[in-house]
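Working notes, structure below.
The values are calculated or read from the model by the stated rules, or taken from the named source; none is laboratory data. These numbers were taken from a predicted model, which means no experiment stands behind them. With ideal geometry, Cβ positions are generated from the backbone for all residues, glycine too; neighbour counts draw on all protein chains shown.
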Amino acid sequence: MYIYTDHMFAPITLLETPHLTPTYKKWPAPIVPFIHKVNTPARAYQKDKKYPGFEVDVLSDHGDLLAAHDPTEAMRNIKLTDIFKAVKNPQEKVWWIDVKSELTDTEIDEIVQQAAQYKIPVDSLLFEVSAGPTAKRITQKGLGLLLPLIEGFDEDKNDATTRAQLNARMLALWEEYKPLAVSASFGKYAYLRAYFPNIPKAIYYSATQRPSIKKSFMRRHMAQDPSVKIFMTDEYSWINL
C-alpha cells in the first residue's frame, strides 16, 4: 500500500515549462479536512465531531435547494437546510457546495441567505461548479469558486503539443473565472502539481468501501504541499446514510 501511494506522488516527466506565478486570490477559509458527500442529516450528524469540512451536493428542483447528487437522490426531498440543522455548530464548519444543476441568481442568493440563518460566514461557503453561467454568477457575486479541472488534463499521451494545449486551456479558464482554487481528483494531482505548482488546489479522493490507512498517508503528503488548501476524503461510502 505504501509503495503504491508513494508512487502516485512521484514527479512526472515534464513536457512543458511549469506555470509558476498565475494570478489567484487569497484563500479565505480555514484549511481543514473535508468529508465527502454529506447529503443526509444522518451522515451530517455521524461525521459532525470528526470533520470540520463538509462537502454537500446541491441540486435545484422546482425551486427547492436539495442535498442531492442526482434526480434519484432528489426524490428523498432532503433540503440543504436539513443538513445545516443536523450539525451542532454549522457556523464552525467550512462548506464545499458541489453544484449539480444550473442555478439562477435568486437560487445562489438563497443559499447564502440560508447559510446566514445558521450564522455560517460567506467565506466558509465554497461553490464547486464547472465553467459556465452558474460559475460566472458566483464569480460576479464575489463568492468563493472551486473550478473543476478540465477533462483529460492527465491524458497528454506524452506529447508536448497536447500538453501545451491542455495547460493553455486550463490557464485561460483560470484567468477568466479567477477561482479560489482548482478542484481535481487525486489521480490528476501529479500533473496539476507539476505544471501549476502554485495554484491553490482542492483535491479529493472519495472512493471508499472499507477502512484504509492509505488516505492517512495521502493526507500527510498533501500537508507538505502549501498549495493544497483542501484534501477531501471519504469513509464507508457503502453505508447509505
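Of note:
- Members of region 101-142 found to be of a type in the set (S, T, N, Q) and in contact with a Lys or Arg (Cβ under 9 Å, 6 or more places away or on another chain), listed by number: THR104, GLN114, SER124, THR139
- Within the option set THR72, THR106, THR81, being within 21 Å of the chain's Cα centre (by Cα) and of a type in the set (Val, Ile, Thr) holds for one residue only, THR81.
- Of the helices (runs of 4 or more DSSP H) entirely within region 95-199, those holding at least 3 residues that are touching a residue at least 12 places away in the same chain (Cβ under 8 Å) and within 29 Å of LYS79 (Cα to Cα) occupy 105-117, 133-140.
- Candidates ALA116, ALA67, ALA44: the one that is more than 26 Å from LYS201 (Cβ to Cβ), at pLDDT 95 or above and not hydroxyl-bearing (Ser, Thr, Tyr) is ALA116.
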